[in-house]
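Contents: one structure, followed by commentary.
The values are calculated or read from the model by the stated rules, or taken from the named source; none is laboratory data. What you are looking at is a predicted structure, and each value in this text was computed from that prediction instead of being measured. Glycine gets a Cβ as well: all are built from the backbone with ideal geometry, and neighbour counts include every protein chain shown. When the accessible area is computed, the model is the full protein with side chains, heavy atoms only, and any ligands, DNA or RNA have been set aside. Shrake-Rupley method; radii C 1.70, N 1.55, O 1.52, S 1.80 Å.
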Amino acid sequence: MSGLRIPLEGPDGAGTEHALNLLAPNPSEMTLDGTNTWVIGLGEEVLVVDPGPDDEEHLARVAGHLEGRRVTTILLTHRHHDHSGGAARFAGLVGAPVRALDPTHRLGEEGLGDGDVLTVGDLELHVVGTPGHSFDSLCFWLPRDRAILTGDTVLGRGTTVIASDGDLADYLRSLDLLRARAEQVGAEALLPGHGPVLPDPIGTLDGYIAHRRRRLDQIRQARERGATTPREIVEIVYAEVDRSLWFAAEMSVRAQLAYLDGRVRP
Ligand SMILES: [Zn+2]
């Protein structure tokens, strides 16, 4: 692959030849350095993936960066507000439609789903349905750069939380699918929704899959030791994790218990 950029000072400005990250200023424990907003394409026309939160300065910076180039479409990897909150305002700034899987987050006629192919100039972007982190999570494969934009399905650091609108069984299937896809197409980079670019897609996905299996085993063991509530399980399984993140761990445990018990989450 030509042109993998991994700046030492953080995710801002990272990317591949045809994908550039403009980092949003919303760092937190859940969003790592902030949300990655991706500009796709080098020509007259570009796509923008995940405008990020409704932050005027950030949206103006992204619009300013375009220098007269036209945004044909704004795409959302998923509906969570740290990715979608600024979409409507950004759409107004640049005069482009918003395409998303979730109809309530679209602006314009067209939806977005697995198998869709968008073109911008001579670049193609292929949509891959990867539900799990949220029910509407999508990944985008850029064949020219051998890169996959992963939204929150895979993060640049740490692991992903299964949100209250997600599902662990779906997520495990999506990880397997992404891993198979990455191998089949020879992917050379993952471009996540938060954190730095990942230059080893297969290794990263194997790590994610192994981590999930390990956590499920730990939860089974914690239950065997008598833990019953999500909180009790968190206290055992996530003992080494900072307490400020236990609310996220508890969300994750709920998703894992639902998976282990074969329950469909409400
Ligand atoms: Zn996010």
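Just want to confirm a number: the relative contact order over the stretch 21-97, from Cα pairs under 8 angstrom separated by 6+ residues, in percent.
29 percent
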| message | At most 11 other C-beta atoms within 10 Å and a DSSP loop state: those are the exposed trypsin sites (Lys or Arg not before Pro) I care about. Give me the longest piece of the chain that has none. | response | 1-224
| said: At a threshold of 8 angstrom on Cα-Cα distance, excluding pairs fewer than six apart, so keeping six or more, what relative contact order does the stretch 130-266 reach in percent? | reply: 24 percent
| query | Taking Cα centroids, how far is the stretch 17-67 from the stretch 196-266 in Å? | reply | 30 Å
| said: Just to be sure I follow the definition: excluding the sites themselves, where is the longest run in the chain that has none of the GluC sites (Glu not before Pro) in a DSSP loop with at most 11 other Cβ atoms within 10 Å? | reply: 110-239
| On average, how much accessible surface per residue is there in the stretch 225-266, in Å², for a 1.4 Å probe, leaving out ligands, DNA and RNA? | 60 Å²
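Can you list the equivalent-ellipsoid semi-axes of the stretch 67-144, largest first and in whole Å, using the square root of 5 times each Cα gyration tensor eigenvalue?
On the way: eigenvalues 72, 60, 21 Å².
Equivalent ellipsoid semi-axes, largest first: 19, 17, 10 Å.
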| Highest-fluctuation residue, SER164, SER174, SER137 considered, GNM on the chain with Cα pairs under 10 Å | SER164
| said: Running a GNM on the chain with Cα contacts under 10 Å, which residue among VAL185, VAL154, VAL127 ends up with the highest mean-square fluctuation? | reply: VAL185
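So what is the relative contact order of the stretch 1-150, in percent, for Cα pairs below 8 Å that sit 6 or more residues apart? Intermediate values should be presented prior to the final figure.
On the way: 335 pairs, mean separation 23.7, N = 150.
Result for the stretch 1-150 is 16 percent.
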| Where Rh denotes the Kirkwood radius from the mean inverse Cα pair distance, what is Rg over Rh for the chain? | 0.98
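Determine the percent antiparallel among the DSSP beta bridges restricted to the chain, to the nearest 5. Kindly include the intermediate steps, with their values, before the conclusion.
Working: 26 of 37 bridges.
Given both bridge residues lie in the chain, the antiparallel proportion sits at roughly 70 percent.
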